[in-house]
Amino acid sequence: MNAKLTNEAWDPLADSREDKRRADRQPRTPQSTSPAYRLAYADEDFLCREELRPVRLQLELLKPEMILMEAGIRSTVVMFGGARIPEPGKDPWAAKNETQAKNLTAASRYYEEARSFARLCSTHSLAANGQEYVVCTGGGPGVMEAGNRGAHDVGAASIGLNVVLPHEQAPNEYVTPEFSLNFHYFAIRKMHFLMRAKAITIFPGGFGTMDELFETLTLIQTRRMDHVPLILFGSEFWNSIVDFQALADFGTISPEDLDLLNFVDTAEQAWSIIARHHEIAPLT
């Protein structure tokens, strides 16, 4: 056995990959083919047991963290928003009736704003060697696709944090392949959205978008995360869907909690908030 370097440290112990290969080459006998004989870390059936949930949670936290850390990504701009919002000129695939089709078709302007906003972020990301302000979406269609597409437009990398759903959902084609990540646990996925975020943008969406908005708001309000810009695209949409002022008037939130929210309608307005908050100099 030859000693090796692991993460620039000397490691004289046996390599786990090599031992897996050795185990696979062993003679096929009733003993060696028994499930009990499999190496624990190479035994998928064992890893999927209910008792192994804590291990799976840890693995799902570690794998994306290691990938992004090794790639040198220091910060992100997160883009939440609806999967059902179509690209302009395309039929809304999720519309169930004429009213929904009309609303979603009109909402296609948010697809364009998301794409424009991602281009702005990604241009600044490229100026920072692709380490800062990297666009991060949920990796799916709609607003998420628009975000990854805007980064792709200017030749920048972008992240897609997908999640396994009952209906088949493949990552959109604009996610940078090496940063196309998949999750089983929604909670760990949401942690990864926020762990590097220097800004959170929320476009019109459904239950998932609302969940992401209010969890982020709660973490900022309770000071469990830094007060990064929280930007809601589409003032008309949000003011018709959620009456934030009513919460303050009723007393269930403080009046100053409303200051956590920024409402915008254009990509330029959103980027100006981020640039002002983080003192980002204009590109020359």
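Key figures for this structure:
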quantity	calculated
Nitroxide proxy distance, nm - points 7 Å out along Cα→Cβ at ALA71 and VAL154	1.7
Options PHE233, PHE250, HIS192, ranked by Cα towards positive dipole end of the chain, top entry (Cβ charges)	HIS192
FRET E, pair ASP91, GLN269, Förster distance 22 Å, beta-carbon r, rounded to 0.05	0.15
Cα centroid of the stretch 224-284 to Cα centroid of the stretch 28-85, whole Å	35
Helix axis angle, 53-70 relative to the chain longest principal axis, alpha carbon, degrees	70
Net dipole in debye of the chain [+1 Lys, Arg Cβ; -1 Asp, Glu Cβ; about Cα centre; nearest 20]	800
Test item: Cα-centred dipole of the stretch 139-260, Lys/Arg +1 and Asp/Glu -1 on Cβ, debye	420
Linear extension gain, MET210 paired with GLU44, 0.36 nm per residue minus alpha-carbon span	56.3 nm
Structure-derived Rg/Rh (Cα atoms, Kirkwood Rh): which label, when the choices are [x] 1.06; [y] 0.99; [z] 1.02	[x]
Helix 143-153 axis, angle to the chain major axis (alpha carbon atoms, nearest 10°)	80
Alpha carbon convex hull of the stretch 78-188, volume per residue in cubic angstrom	100
LEU247 paired with ALA187, simple spin-label distance in nm, labels 7 Å along Cα-to-beta-carbon	2.2
Distance histogram for the stretch 107-244 (every C-alpha pair counted, 5 angstrom bins, percent rounded to whole numbers)	2, 10, 19, 23, 22, 16, 6, 1, 0
Pair ARG21, THR284: separation of 7 Å Cα→Cβ label points (nm)	5.2
Loop-exposed trypsin sites (Lys or Arg not before Pro) per DSSP, neighbour cap 14 Cβ within 10 angstrom, longest uninterrupted part of the chain	97-222
Qualifying aspartates and glutamates (Cα of each under 15 Å from Cα of LYS96; at least 8 residues distant if same chain)	none
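Read the figures in this text as sums done on the coordinates, not as results from a lab. Since the structure is predicted, the reported quantities are computational estimates derived from the model, not experimental observations. Here Cβ is always computed from backbone atoms with ideal geometry, including for glycine, and neighbour counts include all displayed protein chains.
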